[in-house]
Amino acid sequence: MPPRPARRWLLHIHLYLGLACAPYLVIYGLSSLAFNHGWGSEAGGDEAGEVTATSPPSERWSVALEAIAKPPLQRAQSARAQLGVAGDLQAWTLRPQADGSLTFRVTRPGRHYDVTVDASGSSAEIQATRSGWLGVLRGLHGLHHLPYSIWSRSWAFYTYGSLLAIVSCLASGGLLFWQLRRDRGLGFAAFGLGAAGSAAMLFAIFL
Amino acid sequence: MLTWIRRTHMLMGLALAGLLAMYTVTGAVMVWGRRWNSPVTGSVQARPLPDSWRRAQGDGNPDSAAALARDHYGLAGRVDEARREPEGRWHVIARRPGLRSEIRLDSRNGTATIALQRDGWARTLAQLHQFFGYRGHPRHIVWAVAVDACALALIIFAASGVYLWWRLKRDAIGGLVLAGSTLYAVASFAWLALGP
C-alpha cells in the first residue's frame, strides 16, 4: 500500500484541478453535442446536413478608412485593423466585386461581421449578425486566440490552464484507480472493453 | 448513492479513455499543428459506366448514385453529396479522415471519372476530430453515438466530480476554485452572447 501522504496528494490534485476545469469540460461537452447534432449551424450546410437560416443583421454602420492600394487580402487586413473588429478574418470569404469593392467576413464566437470596403477603399460598411448562445458555444470549441481581442488573452490562459488540469486529472485519476483494491477488476474490464470498442470503431470509419 | 456516483465517474473515464485521448491529440493537432507540412497526393482514373445505369440514370435518385459509387466503384468513406447535374450527369463526393473521393457519372459518354485525394497525417488527424454527425452507413451512426458518449462523459465528469466534492469535502479552497472558474466561464459566455 503506497504511503498515505502520496495518496492524499493525488486526491487533492485530482479534486482541485478537476474543480478548476469543470466549467471548461461542460462547455466542451455541450459544444461537442451541438456539432454532432448540427445545432446552431449557419446556412450553407452543416455537418448533420441540416440547413439553418441565418438571422438578419442586427447592426449596420459605416466607417471612414485610410485607403491603401494593395492586393485584396492585404486591403482586407488593413481595413479590419482600422475597424478594430475583433475576430478571425476568413480569407475564403474574400470576394472582389465587379464594381471594385471588396467583401469579406470576420467571425468571433456568437457573432460575425460582413464587411464591404468600397472601390476607393476610403469607407467600409459593416453588418453585424448575432448567432445566439449556440453560436457562442460552437465558437468557443477550440478557440485559443482571437485577433484584436483583449478578452481572448484571458481565454487563452484559461484554455491552457484547463488543458493542463485535464491532463493532470487523467494522470492522477489513473494512479488513484491503480491504487484501488475494490473495483479494480471492474475498472480493468471497462478500460479493456472501451479500448477494444474504440479501436474497432476507428478501424470501421477508415473503411 | 455516493459510491454509485464515484464508480460511474471512474468507470466512464476508464471506458472512454481511448476516445478521449484521441480527441485530445487530434484537437491539439488542429489547433497547434496547422503549420505542419502535410502533403496531399491525388489520382484520377476513368472507368466505364454500367449499361443499366446509363439507361436508367439512377431514376433521378441521389441515393442510387451514391449506392453505385459505393458498391460498384468501391468509393470509400461517407457520402457527403450526391447531386444531379445537367445532361444526365451525377456528381458524388465521399469523405473519410484522410481521403476525399469524388466521382462524376456521365451517362452521355458512358464513363465514370474517379478522383481521389489523400491527405497527410496532420490533416487526417484533424479530419478525424471533425468526423461526426448522424448520417451515412450504420458504422458512421455508431461512431456518432460514440461521439455523443464522449460529449456526455465530459459533462458527467464535471457534474459528478462537483457533486462528490460537495458531499464529501465542501471546503473553502474547492469552493473558491470552482466559483472562480465558473464565474469566468459564465462571464465570458455572457459577454460574447450579449455584449457589444
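Each value in this text was obtained by applying a stated rule to the coordinates, not by laboratory testing. The shown structure was predicted, so the numbers you read here are calculated from the model rather than taken from an experiment. Note that we place each Cβ from the backbone using ideal geometry, even for glycine, and neighbour counts take in every protein chain shown.
Normalising the average separation of contacting C-alpha pairs (under 8 angstrom, six or more residues apart) by the number of residues puts the relative contact order of chain A at 23 percent.
Comparing Cα centroids, region A:130-163 and region B:70-99 end up 36 angstrom apart.
Between B:ALA46 and A:LEU207, the simple spin-label model (points 7 angstrom out along Cα→Cβ) gives 3.3 nm. Counting other Cβ atoms within 10 Å as a rough exposure proxy, the listed residues B:LEU183, A:LEU202 run B:LEU183, A:LEU202 from fewest neighbours to most. Shielding of peptide B:18-31 by partners, expressed as the average count of other chain Cβ atoms within 10 Å per residue Cβ, is 3. Entry note, region B:1-117: relative contact order of 24 percent, from Cα contacts under 8 Å with a spacing of 6+ residues.
For the pair A:SER123 and B:GLU85, a Förster radius of 56 Å applied to the C-beta separation gives a FRET efficiency near 0.85, rounded to the nearest 0.05.
Going from the residue with the fewest nearby Cβ atoms within 10 Å to the one with the most, A:ASP183, B:ASP171 rank B:ASP171, A:ASP183. Counting other Cβ atoms within 10 Å as a rough exposure proxy, the listed residues B:PHE132, B:PHE157, A:PHE177, A:PHE157 run A:PHE157, A:PHE177, B:PHE132, B:PHE157 from fewest neighbours to most.
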